[in-house]
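Since the structure comes first, as structure tokens, the remarks are kept for the end.
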Amino acid sequence: MADYDVDLFVIGGGSGGVRAARIAAGHGARVMVAEEYRLGGTCVIRGCVPKKLLVYASRFRGEFEDAAGFGWTVPQASFDWTTLIANKDREIARLEAAYGATLANAGVKVAKSRAVLLDPHTVQLAGGERVRAAYILIATGGAPSYGDPIPGIEHVISSNEAFHLPQLPRRVVIQGGGYIAVEFAGIFAGLGSHVTLVYRGDNILRGFDDDVRRHLRVEMEARGITVLTGCKVAAIANAGSHYSVELSSGNRIPADRVMFATGRHPNIGKLGLKEAGVEIAGNGGIAVDKYSRSSAQNIYAVGDVTNRVNLTPVAIREGHAFADTVFGGKPTAVDHTDVPTAVFSEPEIGTVGLTETQARARLARTDVYMAMFKPLKATLSGRDTTILMKLVVDGPSDRVVGCHVVGEGAAEMAQLAAVAVKMGASKADFDATIALHPTAAEELVTMRKKTASFVREAAE
Ligand SMILES: Cc1cc2nc3c(=O)[nH]c(=O)nc-3n(C[C@H](O)[C@H](O)[C@H](O)COP(=O)(O)OP(=O)(O)OC[C@H]3O[C@@H](n4cnc5c(N)ncnc54)[C@H](O)[C@@H]3O)c2cc1C
């Protein structure tokens, strides 16, 4: 590798790239990272972290409302968007600096620049500087997609801009049915905006368990969010003091902001992939094998740019596995099954494993255990809400293959349930576990009655 300027050049200083760079340097590699925006990437700068901070902010509304039933008198609460955003920005800047320090401490050089490939071993920085690398890792992440162009599309913001709005919009129209759309619906509604969620499909959160989708929609509507399905935004007109949003149904809604959360695409544009011999897969991401190696022998790709499972811990795991494989002498493939995931909607969702629909398509017999109940806290607060818990079980083996929760604490529950599901725990193992009382989670080990059982019909 002496013929090269560096052993590894990483394009993209986000979750996957930073982890890969640090671990590779730890294995003794000479590493350089290029980041065109801010170190930390989507998750830290305009994804998971700032979003969760905004989610926390939005949940105080419910807490203030619930407090009365417990004897508290809370004076009329008021909210200041500018304070929240300034505090959030301070924390994000601190994290960005921490990422920089981590890389510096590991001996990784950082170029604050866009990088593109000129050939399989050469990267060019924005100033024209060329760096020759033995290995290159593409970890450029993804970016918001806006769908087909419509009149007035220039008025639309994505989640990127939502984190930096100068003021809290009074009325927001959000188009999209995925997790970012429902999370921002909850954020804006909790902070006091009137929110209309517009989604062209028949229900929100396609790909999640159908009971979860139905339950969340009911709960969101109970919190005052208008959910319009089966239609889409057709045009947006600037009406002076606000926007007039025309829907495909013909209805018009006034809005102070229009946000699209209509999916994300891998950042592969103008990267020089063709020049380097890197091929694109059918999913629109960089095609890679189980070790994240692309069609070019010395070029690898991890994280959202491969469009496999687009979550931060997955990008981190892939980046780590890449470094161990190439520089640590330990070939490591990432297992993408049973990845737990959460939706920080209000109420939140925590889930791991198969949905009922997926299980029924794959298993000879699927047993379902489901419970819906009023949480203890809601008895005194008077809040009209229910928690949903569902276990999907492989009938013949009794193995729990899916766990889905909608309600307070669901994400925390899913992380722990994921350990059991990953280990192959059976429903009998869940039942043998003594409940922790009084919690909502105890329902997961006390659901005795099967609510449904489905035998797969033999293929013709
Ligand atoms: C609003 C939102 C909320 C999210 N919430 C969650 C969540 O709660 N939990 C979760 O697990 N995941 C969440 N995600 C997804 C998560 O952020 C991504 O899966 C994760 O950041 C992917 O990491 P990555 O390393 O692949 O890419 P990124 O973190 O996107 O990093 C890529 C980096 O590459 C840089 N870059 C791109 N092209 C170039 C170039 N040519 N030269 C130099 N630099 C370049 C970019 O500026 C960026 O910093 C969320 C995403 C969004 C948008």
Quiz item: Hey, among the residues in the range 283-315 that are surrounded by 21 or more Cβ atoms within 10 Å (Cβ to Cβ) and assigned to a helix (DSSP H, G or I), which one's nearest to the ligand (Cβ to nearest atom)?
Solution: Gly303
Practice problem: Could you look through the range 451-460, keep only residues that are touching a Lys or Arg at 6+ places or on another chain (Cβ under 9 Å) and assigned to a loop (DSSP other than H, G, I, E, B), and pick out the one that is nearest to Thr357 (Cα to Cα)? | Solution: Arg456
Quiz item: Picking from Val326, Val339, which residue would you name as being under 23 Å from Ile23 (Cβ atoms), out of contact with any Ser or Thr (no Cβ under 6 Å at 6 or more places or on another chain) and not in a loop (DSSP other than H, G, I, E, B)?
Solution: Val326
Self-check item: helices (runs of 4 or more DSSP H) lying entirely in the range 1-96 (those with 2 or more residues that are charged (D, E, K, R) and within 16 Å of the ligand (Cβ to nearest atom))
Solution: 15-26, 48-67
Quiz item: Of all residues in the range 341-355, which are more than 16 Å from the ligand (Cβ to nearest atom) and either free of Cβ contacts under 8 Å to residues at least 24 places away in the same chain or crowded, with 23+ Cβ neighbours inside 10 Å (or both)?
Solution: Gly353, Leu354
Quiz item: Of all residues in the range 261-282 being at positive phi and over 15 Å from the mean Cα position of the chain (by Cα), which is farthest from the ligand (Cβ to nearest atom)?
Solution: Gly277
Quiz item: Given (1) closer than 16 Å to Lys450 by Cα; (2) under 28 Å from the mean Cα position of the chain (by Cα); (3) of a type outside the set (Lys, Arg), where does Thr386 come up short, assuming only one miss?
Solution: (1)
Exercise. Residue by residue through the range 236-264, note down the ones that are in contact (Cβ under 8 Å) with a residue 24 or more places away in the chain, part of a strand (DSSP E or B) and surrounded by fewer than 16 Cβ atoms within 10 Å (Cβ to Cβ).
Key: Ala237, Asn238, Pro254
Quiz item: Of the residues Ala126, Ala143, Ala139, Ala111, which single one is loosely packed, with under 14 Cβ neighbours inside 10 Å and near the ligand (Cβ under 9 Å from one of its atoms)?
Solution: Ala126
Quiz item: In the range 116-164, how many are more than 20 Å from Ile23 (Cβ to Cβ) and either touching a helix residue (DSSP H, G or I) at 6+ places or on another chain (Cβ under 8 Å) or among the small types (Gly, Ala, Ser) (or both)?
Solution: 20
Quiz prompt | Number of positions in the range 362-383 that are loosely packed, with under 13 Cβ neighbours inside 10 Å and within 18 Å of Val405 (Cβ to Cβ) | solution = 2
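Only the coordinates and a few stated rules stand behind these numbers; no lab work does. Nothing here was measured: the structure is a model prediction, and the numbers come from that model. Here the Cβ is made from the backbone with ideal geometry for all residues, glycine too, and neighbour counts use every protein chain on show.
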